[in-house]
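What follows is one structure encoded as structure tokens, with my remarks underneath.
Nothing in this text is a laboratory measurement; each read-out follows from the coordinates by a stated rule. A quick note: this is a predicted structure, and the numbers were derived from the prediction, not measured. Don't worry about glycine lacking a Cβ; one is built from the backbone with ideal geometry, like all the others, and counts go over all protein chains shown.
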């Protein structure tokens, strides 16, 4: 009983302290909740995204209108949707955030989205790629990518190479399913045939049996999809050990298979592989060179950004643009109108914009090939498909 | 070469390599649980620690492979001694629930500590070039590293068996497993025996964790995520023996690889079903002695 | 304990024993505290609702661990069975909460009954292993049936209807709070009745000395199975409560971490005392909530340390501590 009273008392004290916290009267602080997966199997990508977010804020705080400040409140969803939902609830009800951003995992984004509709809080998704998520709430806008946007083009490209048969091996969760479905559509539209598919657990470490299946099926091309990070290196290693390419099987995927920060670890096994993607460190456009310089200045010469970093960076850019346009005073609906019509012709990824009808990102998709540049491996952009909208939404119109 | 046969060989080979890792990790658990009658759910922590030491030495300090592996085994063995003396010893012969509570607590602490020290991301094993790639074995091409695992595992298993059957220390272990009271009454210092056996078992687990780090990823959740698998090997094999976990590890390793190949969407369901059936048929495991 | 052996002492002892089951004023405390919480902490109602649902889960674990003496690390199997039942119903067009609860209880009870039949003859490590394996099998099956359960993504598209057509579940958690409170209260009443009945007392006998109970003809296996099934049903209800109030079900509802943490929450409060969960669960979950604004992952370090200390030094939890400080006659 004593313990219970003590517990109540401390909680009471905390509540009083919270209520008494001063709200800034003269300064206008825009509070933004950042929900990220700091722990769990996507932690590496989460770290890249956070660094991108932080870099933009650091470099552009001074550009905010006078008297306006931005406060980021970070919370960890520990890669679980129920924790993500609870954390979002707390950010909205207790911390009174005006915007939510971040989120890596699609199930977490799907859990948070309905809350944003009920509470009318704009939600700027900077990674989670599940195609249907913007439809879950009118307050969701996404600046990252969808797997359909990336995988459909590479499927078509693979068919164009004259490859007739394909085998898909993907991670068994939403982004994996999306990439599989989109690749299959692109490949079969181009005249190819899918001879088999396998899905492996999302945090699976041991790819050998699955690669063995691919090898035994003897397709012309194998579409291997894993979440970007150490798993990409692991699956490439298994492919190398089992001699997939030596057996005459081509490998292709989206940028998740050969993320820029893992290329050094994957090594020469990646040479010549072609993937589709939204961003490569090797891109020579001026906006990217400036971004890389700022990145290395902030995080050291050895730090390598990837597409998640740029997505986080661009997300903050959009939010900052909105804050500047509204001088820090905005309603949720005003913010959404701004977001829906936002464009940036000079992102490190190239030109990007939001599609006002779907509130999803429209961007260039690059076909890239791994080559050696100055002795180091790089994803070199060899072709560009301009301003690709998410094909899934066109195929599945909202009712 | 018939492709179904070559697939079976490839999967079997890989399963054998996985089995060796499972064996190295679980054999210590089987012997110590049989000897002390102590429910040790934290055994995976030692395997994980070995994995972190080995990957840390190789990835961050460029240590040679063999040196890193040995260092992992020795470091974990030494570190296990104070754990056994200070924590486990108080609960020998005690309430089951207390043992579960203590060892689960260690599991939780280890996960958070690993996250704090090395971050949340899985630690890859950067093999030297000499150990990567494939090897032609007449009837097919197999991973060189898998072959290494199989050879190492077989050598260690033989060494353990010889040690158990032929050495004085082994005789003392067998005596203590069979009947602790009798062993004490013939003058065996069981308390010292426990510590040494525990250290040996933990060192082997550390070695298994390190060598197997590309099969069972080294990440903060290691000890909790793989607990059921290690316990299954021990429960099926039977407590207190070293033959038991060997056979059980073979069974589980090959079955797991085969399931991944044939029915990947079922995950470990068939492994669990098989375990349940075996435990109902033989509650003390296949070769249980304690 | 009343001293002496004269007729007065004996009748006093008999009276004390008979009075055991009557409600004491202190037992109203948890419910008063819950109502006070509603008024004092209106921003914390979603958390409070989860606490109430988890107390029910801990209560189910207390029945099986504290009263029947079955050490299990697989209680999440029943929690998850209930959660998925309620969740799948709500995701496929039947979102009525109360019937969802009943269905969840039935499904979980079935799992408990069938698995209990298989494993309750074992004991010690074998039993522990088997409880682990049952939960692991269910998790693997749920993953395989991903078309129905959502697999690793979790169940999507749950739509829970308002209770009695009127009280809808919303962002601020008011409905969820009272829903969980009422369900917990009803279940608690039932459990309290059970443990103070002859059935409950026979459980104590079975736990303390199963061999002797068998010798006097008590149906040991039958009783163990019955309490296992009841406990499973309660765990299933708590799983359904969590599913319905959060609108989410994921594979971790069947996982080892969930089984392990409910055990620790119960042990903190005190096992086998009926109220262990009422003390341990709020302490644990409130502390975790406060901690998680800082660094959620490292929370487990302190929990682990607490477990190690409790196992080594402080058997009996908070209630045990209270007993030692304020002994009272029973």
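For chain C, take the longest principal axis of its alpha carbons; what is the angle in degrees between that and the long axis of helix C:299-312, to the nearest 10 within 0 to 90? Roughly 20 degrees, rounded to the nearest 10. Averaging Cα coordinates gives a centre for the stretch B:6-75 and one for the stretch C:44-84; these two points are 34 Å apart. With a Förster radius of 60 Å applied to the C-beta separation of residue A:395 and residue C:9, the computed FRET efficiency comes to 0.10.
Remark: relative contact order (chain C) = 32 percent; criterion is Cα-Cα distance under 8 angstrom and separation of 6 or more residues.
Maximal additional length on extending the residue A:164-residue A:62 stretch stands at 31.2 nm, based on 0.36 nm per residue less the C-alpha distance.
Counting, for every residue in B:215-224, the Cβ atoms of other protein chains within 10 Å of its Cβ and taking the mean gives 4.
Summary of the geometry: the stretch A:255-327 and the stretch C:183-244, compared by the centres of their Cα atoms, lie 58 Å apart. Against the main long axis of the alpha-carbon atoms of chain C, helix C:97-119 sits at an angle near 60°.
Here's the picture: a label point sits 7 Å out from the Cα of residue B:131 along the beta-carbon direction, and within the stretch B:20-38 the residues with their amide nitrogen under 19 Å of it are B:20-26. Mind running the shape call on the stretch C:105-230? Use the C-alpha gyration tensor, a ≥ b ≥ c as the square roots of the eigenvalues: rounded below 1.5 for a/c, prolate if a/b tops b/c, oblate otherwise. Oblate, since a/c reaches 1.5 and b/c is not below a/b. Using R0 = 25 Å, the C-beta based FRET efficiency linking residue A:329 and residue C:167 works out to 0.10. Look at the alpha carbon pairs under 8 Å that are at least 6 residues apart: their mean separation over the length of the stretch A:57-120 gives a relative contact order of 31 percent. Within the stretch C:165-205, what residues put their amide N at less than 17 Å from the label point 7 Å along the Cα-to-Cβ vector of residue A:118? The answer is C:165-181, whose backbone nitrogens lie closer than 17 Å to the label point. Here the label points at residue A:188 and residue A:346, each 7 Å from Cα along the C-beta direction, are separated by 4.5 nm in the simple model.
Looking at the square roots a ≥ b ≥ c of the eigenvalues of the Cα gyration tensor of the stretch A:284-393, which shape do they give, rounded for a/c under 1.5, prolate if a/b is larger than b/c, or oblate? The shape class here is oblate.
In Å, the Kirkwood hydrodynamic radius of chain C over pairs of distinct alpha carbons? Across chain C, the inverse of the average 1/r is 20.7 Å.
In terms of surrounding Cβ atoms within a 10 Å radius of their Cβ, A:60, C:166 rank from fewest to most as C:166, A:60. Using a simple spin-label model with pseudo-atoms 7 Å out from Cα toward Cβ, residue B:273 and residue A:290 lie 6.1 nm apart. Expressed to the nearest 5 percent, the antiparallel share of DSSP beta bridges inside the protein assembly as shown is 40 percent. At q = 0.10, 0.14, 0.19, 0.20 Å⁻¹ the log10 of I(q)/I(0) for the stretch B:9-140 amounts to -0.43, -0.78, -1.20, -1.27, computed by Debye summation with a single uniform scatterer per C-alpha, solvent ignored.
Ranked by how many other Cβ atoms sit within 10 Å of their own Cβ, fewest first, the residues A:357, A:262 fall in the order A:357, A:262. For the stretch C:154-299, the relative contact order works out to 20 percent when only alpha carbon pairs closer than 8 Å and six or more residues apart are counted.
Compute the Kirkwood hydrodynamic radius of chain A, taking the inverse of the mean of 1/r over all pairs of distinct Cα atoms, and give it in Å to one decimal. After inverting the mean inverse Cα-Cα distance, the result is 21.9 Å. For the residues of C:245-254, the average number of beta carbons from a partner chain within 10 Å of their own beta carbon is 4. Each peptide among A:235-241, B:214-220 gets the average number of other Cβ atoms lying within 10 Å of its residues, and from highest to lowest they stand as B:214-220, A:235-241.
Using the Cβ-Cβ distance between residue A:303 and residue B:5 with R0 = 51 Å, the FRET efficiency computed as 1/(1 + (r/R0)^6) comes to roughly 0.60. Counting only alpha carbon atoms, the long axis of helix B:3-36 and the longest principal axis of chain B meet at about 10°. Averaged over the residues of C:140-152, the number of partner chain Cβ atoms lying within 10 Å of the residue Cβ comes to 4. With a ≥ b ≥ c taken as the square roots of the eigenvalues of the C-alpha gyration tensor of the protein assembly as shown, please select rounded if a/c is under 1.5 and otherwise prolate if a/b is larger than b/c or oblate if it is not? The shape class here is oblate. The residues A:150, A:90, A:71, when put in order of fewest to most other Cβ atoms within 10 Å, stand as A:71, A:90, A:150. Note on residue C:36 and residue B:90: their simple-model spin labels are 3.4 nm apart, each label 7 Å out from Cα toward Cβ.
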